[in-house]
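Trainee: Quick one: the structure is below, questions incoming.
The values are calculated or read from the model by the stated rules, or taken from the named source; none is laboratory data. Treat the numbers as computed from the prediction; the structure is a model and nothing was measured. Glycine also receives a Cβ, built like all others from the backbone with ideal geometry; neighbour counts cover every protein chain displayed. Just the protein is used for accessible areas: all its heavy atoms, side chains included, with ligands, DNA and RNA removed. Shrake-Rupley method; radii C 1.70, N 1.55, O 1.52, S 1.80 Å.
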Amino acid sequence: MFNNPFIKQLFSSFLDLAPILAVVLVFQVFIIRQPIPDVGGLIAGTLFVVLGLTLFVQGLEQSLFPIGEAMAYAFARKGSLFWLLTFAFCLGFGTTVAEPALIAVAQEAANIAGKAGIIEPSDDAKDSYALGLRITVALSVGFAILVGVLRIIRGWPLYYLIIGGYCGVIAITPFAPPEIIGIAYDSGGVTTSTITVPLVTALGVGLATAIKGRNPMTDGFGLIAFASLTPIVFVMVYGVLR
């Protein structure tokens with residue numbers, strides 16, 4: 001039975017989830033010393049999470065990773081820098097604007113801004129603020145992937161971009177509105193999540209594999225690091241301009 005790839009992945013997902021369950025149960029029973037509420041719901045929810053994680057990983061391996069690598073290889077063979085960079089920007093923008101974690105954080109930020117009087121507490125104002133945040137972050141990730149792909153092509157050292165980017169973060173932070181700084185710093189983390197990471201990673205690895213003289217291990221990775229940095233700068237600039 002364990003020779004079946006799906007069953008193996010299902011068991012692996014359960015093992016990945018086990019430490020989280022152990023921590024919750026130990027603190028609930030031995031520290032808080034209260035009975036576990038709705039045990040049936042907890043078990044059912046755990047099974048759904050294990051199944052969902054398994055299907056998600058299977059989908060990555062069978063769809064997103066292969067298509068990302070194949071498209072990167074095809075663009076590299078085509079030899080058109082313009083279309084490769086255009087594709088990189090659109091991929092970064094499209095995956096980020098649809099990122100569930102970013103949608104949730106942007107909406108929560110809009111709700112808090114409305115309650116604090118930073119924006120009007122109307123639904124239209126909140127939707128506009130949340131959409132502005134999402135578009136800003138999506139543009140920043142699109143820009144980051146574009147520059148990251150250019151780095152792979154040109155062979156630039158990754159640490160130049162990372163150090164330069166964080167110098168920019170430090171420089172602009174004192175000028176940004178205090179209420180936007182926390183959102184800006186968090187936006188990098190929520191941006192690089194379930195949808196963005198697999199496709200961007202596959203793009204980088206596929207591109208580094210297709211280009212002669214590039215090492216997939218040293219050149220193919222690093223796009224995510226830069227993609228999690230640029231939203232900080234863009235969102236703080238958004239706060240200054242707004």
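Trainee: Quick one: which of 141-149, 179-187 comes out on top by average Cβ neighbours within 10 Å, and what's the full order, highest first?
Mentor: Ranking, from highest mean packing down: 141-149, 179-187.
Trainee: While we're on this one: Tell me, what ³J(HN,Hα) does each residue in the range 195-207 have, in order and in whole Hz, if you take phi through Karplus 6.51 cos²θ - 1.76 cosθ + 1.60 with θ = phi - 60° and put x for Gly and Pro?
Mentor: In residue order, the calculated couplings are 8, 5, 4, x, 5, 5, 4, 4, 4, x, 5, x, 5 Hz.
Trainee: On a straight-distance basis, which aspartates and glutamates could pair with Lys115 in a cross-link, Cα separation under 17 angstrom, same-chain partners fewer than 8 positions away excluded?
Mentor: Filter leaves Asp123, Asp124, Asp127, Glu179.
Trainee: Another question, then. What are the ³J(HN,Hα) couplings of the range 34-40, residue after residue, when phi is run through the Karplus curve with 6.51, -1.76, 1.60 and θ = phi - 60°? Round to Hz, x for glycine and proline.
Mentor: Listing the rounded values in order: 10, x, 6, x, 6, 4, x Hz.
Trainee: Taking 8 Å as the Cα distance limit and 6 or more residues as the minimum spacing, I'd like the relative contact order of the range 1-142 as a percentage.
Mentor: Value for the range 1-142: 19 percent.
Trainee: Ordered by packing density, taken as the mean number of other Cβ atoms within 10 Å over each peptide's residues, highest first, how do 30-36, 7-13, 17-23, 156-162 rank?
Mentor: 7-13, 156-162, 17-23, 30-36
Trainee: Largest first, what is the accessible-area ranking of Phe175, Phe14, Phe234 with a 1.4 Å probe?
Mentor: From most exposed to least exposed: Phe175, Phe14, Phe234.
Trainee: Another question about this same structure. Where the centre of each part is set by its Cα atoms, how far does the range 51-71 sit from the range 125-150, in angstrom?
Mentor: 24
Trainee: Another question, if that's okay. Convert 37 °C to kelvin, take the viscosity as 0.692 mPa s, use the Kirkwood radius over C-alpha pairs of the range 156-242 as Rh, and evaluate the Stokes-Einstein diffusion coefficient in µm²/s, rounded to a whole number.
Mentor: Estimated diffusion coefficient is 234 µm²/s.
Trainee: Give the average over all directions of the projected area of the C-alpha convex hull of the chain, one decimal, in nm².
Mentor: So the Cα hull casts an average projection of 17.5 nm².
Trainee: Run the reach check for Lys8 against aspartates and glutamates, Cα to Cα strictly under 18 Å, same-chain hits fewer than 8 apart removed. What comes back?
Mentor: Hits, sequence-local ones excluded: Asp16, Glu61.
Trainee: What lysines could a cross-link reach from Lys212, if we take a straight Cα to Cα line under 28 Å and drop same-chain neighbours fewer than 8 places away?
Mentor: Lys212 reaches Lys78.
Trainee: Picking from Ala76, Ala116, Ala101, which is most flexible by a Gaussian network model of the chain using Cα springs under 10 Å?
Mentor: Ala116
Trainee: Quick one: Karplus J couplings for the range 215-227, per residue in order, coefficients 6.51, -1.76, 1.60, θ = phi - 60°, nearest Hz, x for Gly and Pro?
Mentor: My calculation for the range 215-227 gives 9, x, 6, 8, 9, x, 9, x, 5, 5, 4, 6, 5 Hz in order.
Trainee: Quote to one decimal, in nm, the extra length available between Ile162 and Thr86 on full extension: 0.36 nm per residue of separation minus the C-alpha distance between them.
Mentor: 25.1 nm
Trainee: Let me ask something additional. Which of the three applies to the range 1-114, rounded, prolate or oblate, going by the alpha-carbon gyration tensor with a ≥ b ≥ c and a/c under 1.5 meaning rounded?
Mentor: oblate
Trainee: How large is the convex hull of the C-alpha atoms of the range 195-242 per residue, in Å³?
Mentor: 82
Trainee: So, with a 1.4 angstrom probe, what is the percent of accessible area on the range 1-92 that is carbon and sulfur?
Mentor: 74
Trainee: Mind jotting down the three principal axis lengths of the range 68-153 based on Cα atoms? Whole angstrom, largest first.
Mentor: 52, 18, 17
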